[in-house]
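Trainee: Handing you this structure, nothing more for now.
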Amino acid sequence: MPFGKKPVAGGARAVGGESARAAEHTENEGARTPERAGASTATPAPASTKSRARQVLTVSFILANVLFLALLAAIAIPGKVHPKTSAPFYVAAAIIEALFLWRYFAGGRKRSTCHIVIVVFLLLIVWETVSTDLKLTHPVLIPNPENVFAVFPARWEELLKNVTSSMILLAEGFITSLIAGNIIGLFVGWMPKVREAVYPIAHVLAPVPAIVFAPYLVMLLPSFKAAAVAVIFLGIFWPTLLNTILRVESLDKHILDSARMMGLSTPTMIFRVLLPYLYPTVATGLKTQLPTAMLMLVMAEMYGATSGLGYFVINYTNYANYTNVVAGIIMVGIVVTILDFLVGLLVRKTVKWS
C-alpha cells in the first residue's frame, strides 16, 4: 500500500500544477477580456447607426420631401398664368415642411405624419399645375394658389380681426354649454326621478342640428352676438347633457355602493366622486365637440354677422371674390387645427394615461 500511494501523491501534485497553470491562464485571459469585450462591443456601432438611419429615412419620409421639392419646382416653372408674386406660396410651403419635420422628429406617429403631408403636397402640386402652369381651370371660380396665399400678408389685419371675433364667440358659447351640460348632466344622472323626466327631452333635442335655430334666433334675440352664442350653446349643451347622463348611468355600481355606504351628500358625490371619475371621458370628448362648435359658429356667422370667419367667407362670396373665399376657408382649417392641437395638449397634460 505505501508503494501505491507515492504515484497518487505525485499525480495529485501534477494535477495541482496543471490546475494552477489553468487558473493562471484563466486570470490572464480575464485580464485581456475587457480589451476583447471593448473590441467586440465597438463593432456593432455602425449597425446600430444604420438601423437608426433606416428608421428615420423611410420610404414615406423620402417621398414627402421629394414632393416638397416637386412643389417648389412647380411654383418656379413659368406657366400660362403669371401671378404678381409667388413669395407667400413659397413661405407657406416652407412652413408646411418645417412643421412636418418638427412633428416627424418630435412626435411618435411618424407614418401618419408622412401620409398627411404627402396628401397636402400632392393637392398643392395638382392645384398649382392645373390652375397656373396649364391654366385648365376657371380663373375666377378656382383661383391659382399664388393669389390665394397672397391674401394672408395683404389682409392679415382683417383676418386677425375676424379670427379674434370668432374665438370670443366660440369661447362664450362653447365653455358655457360645456360646463352647464356636464354639471346638469351629473345631477340629472345621479337622481333617478329627475333622470326619468329629463332624459327623453335630451334624447329628442340632442340630434337636432342647432344651426336650424339660427335664423329664428337672429330675429328673436337683441343682437347677433347673443344669437351666435345661443346657437353654439344649443348645439353643444344637449349632446353633452345626454352623454353625461348616460355616463353616470353606466358608472361602476361598486363605486356608487361605496359612496352610498359612506353617506356622501349629493354635491359631494357629484364634485368629489363623479366629476373626477368622468373627467377623462369629458376631456377626450373635446376633440369632437370643439370642431362641431366651430362649424356651427361659422355657419351662424353667415346669417347676419358683421365680423368673424363665417362673415369673411360669405361677404366675399357675395362679391364673387373667390380668391378671398378660398383664403378664408384655409384660415378656418388653420384655426381648427390649432384648436385641435391645444385640446390634445390639454388631454395629454391632465389625463396622464392618454
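Trainee: For E157, what accessible surface area do you get with a 1.4 Å probe? Give it in Å², rounded to 10.
Mentor: 120
Trainee: Quick one: 3J(HN,Hα) in Hz for the range 332-348, Karplus 6.51/-1.76/1.60 with θ = phi - 60°, rounded, Gly and Pro as x.
Mentor: Karplus-based 3J(HN,Hα) across the range 332-348 equals 4, x, 5, 5, 4, 5, 5, 5, 5, 5, 5, 5, x, 5, 4, 5, 5 Hz.
Trainee: If one computes the Cα centroid of the range 175-227 and of the range 114-132, what distance in Å separates the two points?
Mentor: 41
Trainee: Using the Karplus equation 6.51 cos²θ - 1.76 cosθ + 1.60 (θ = phi - 60°), what ³J(HN,Hα) coupling, rounded to whole Hz, does each residue of the range 321-330 give in order, writing x for Gly and Pro?
Mentor: With coefficients 6.51, -1.76 and 1.60, one gets 9, 6, 5, 5, 4, 5, 4, x, 5, 4 Hz.
Trainee: While we're here: Pop a pseudo-label 7 angstrom from the Cα along the beta-carbon direction at both S265 and L122 and give the gap in nm to one decimal.
Mentor: For the pair S265/L122, the computed spacing is 6.1 nm.
Trainee: If you don't mind, another one. Give me the distance between the Cα centres of the range 307-340 and the range 84-99, rounded to whole Å.
Mentor: The two parts, judged by their Cα centres, are 19 Å apart.
Trainee: Round to the nearest 10 and report in Å² the accessible area of V336, as given by a 1.4 Å probe over the protein chains' heavy atoms.
Mentor: Solvent-accessible area, nearest 10 Å²: 50 Å².
Trainee: Quick check: net charge around A92, other residues with Cβ under 14 Å of its Cβ, Lys/Arg +1 and Asp/Glu -1?
Mentor: -3
Trainee: State in Å² the accessible area per residue of the range 75-145; use a 1.4 Å probe, count heavy atoms of protein chains only, and round to the nearest integer.
Mentor: 61
Trainee: Could you sort F105, F213 by their accessible area in this structure, using a 1.4 Å probe and putting the largest first?
Mentor: Sorted descending by solvent-accessible area, the residues read F105, F213.
The values are calculated or read from the model by the stated rules, or taken from the named source; none is laboratory data. Keep in mind that what you see is a predicted model, and the values were worked out from it rather than measured. With ideal geometry, Cβ positions are generated from the backbone for all residues, glycine too; neighbour counts draw on all protein chains shown. Heavy atoms of the whole protein, side chains included, go into the accessibility calculation; ligands, DNA and RNA do not. Shrake-Rupley method; radii C 1.70, N 1.55, O 1.52, S 1.80 Å.
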